[in-house]
1. Would you please name the residue that is farthest from D114 (Cα to Cα), looking only at residues in region 153-165 that are assigned to a helix (DSSP H, G or I) and open to solvent by 60 Å² or more (accessible area, probe 1.4 Å)?
2. If you scan region 140-170, which residues turn out to be polar (S, T, N, Q), in contact with a helix residue (DSSP H, G or I) (Cβ under 9 Å, 6 or more places away or on another chain) and at pLDDT 85 or above?
3. Can you give me the number of residues within region 117-150 that are loosely packed, with under 10 Cβ neighbours inside 10 Å, of a type in the set (D, E, K, R) and either under 30 Å from A170 (Cα atoms) or touching a strand residue (DSSP E or B) at 6+ places or on another chain (Cβ under 8 Å) (or both)?
4. Could you tell me whether T102 is closer than 30 Å to F3 by Cβ and at pLDDT below 80?
5. Are any of the residues in region 30-44 in contact with a Gly (Cβ under 7 Å, 6 or more places away or on another chain) and at pLDDT 65 or above?
Amino acid sequence: MGFQHVELMVEGHNTKPPLAPPTPSTTSAWYYADGRGEEKNRLLMQQLPPVTDAAQTYHPPCRSPGTTRPGSVTAPFEFLRANKERLFCAWHRFPTRIIRSTAPSVERLHHPDDVDLPEHRTMDLERRPWWHKESLYGTPKMENAELRNFREKHSRTPVQSDRQLRDLIANYYG
């Protein structure tokens with residue numbers, strides 16, 4: 001898209017626990033640092049009630065690793081130090097949790113029945129930049145087949161029913 005330098009977190013909000021070290025991932029180092037990584041993985045794969053079929057919404061009995069990672073915090077400062085002598089425009093987004101789950105104590109702060117549904121729920125892709133449609137219907141240009149399949153599956157949330165949307169939004173608000 002015309003940038004001279006781009007760094008991406010390829011998987012972003014994972015649908016599986018981080019791999020055990022040694023991996024090049026700052027997430028793995030952070031997640032396993034307390035020696036309880038495998039225990040957290042077992043807990044993360046459990047689902048507490050209320051069970052929902054809303055997209056990317058479930059309730060494990062522990063905190064999801066899909067939170068801001070240490071490397072995502074330090075990377076922009078490293079870039080700024082390395083480029084302090086030249087002009088540039090930088091944009092950094094902290095990859096915080098989007099939907100999935102947080103800690104059980106906060107994810108259910110809002111009851112789904114109390115959630116207001118959005119009025120406008122159509123795709124209206126003809127009014128959007130080209131890459132909106134491409135991200136929904138195109139094939140990601142990635143050589144790694146596992147990551148390509150991941151992006152194809154998880155960037156295409158199916159249309160949600162009103163009930164699913166209420167569950168998803170209530171979980172997100174929490």
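1. Per the criteria, the residue is K153.
2. Listed by number, the list holds a single entry, Q160.
3. 4
4. no
5. Quick first cut of region 30-44, residues in contact with a Gly (Cβ under 7 Å, 6 or more places away or on another chain) only: 31.
Filter again for at pLDDT 65 or above, leaving 31.
Checked region 30-44: at least one residue is in contact with a Gly (Cβ under 7 Å, 6 or more places away or on another chain) and at pLDDT 65 or above.
The values are calculated or read from the model by the stated rules, or taken from the named source; none is laboratory data. Note that the structure is a prediction, hence the values are computed from the model and not measured. A quick note on method: Cβ atoms are made from the backbone with ideal geometry, for glycine too, and the neighbour counts reach across all protein chains shown. Ligands, DNA and RNA are stripped out before the accessible areas are found, and what is left, the full protein with its side chains, is counted by its heavy atoms. Shrake-Rupley method; radii C 1.70, N 1.55, O 1.52, S 1.80 Å.
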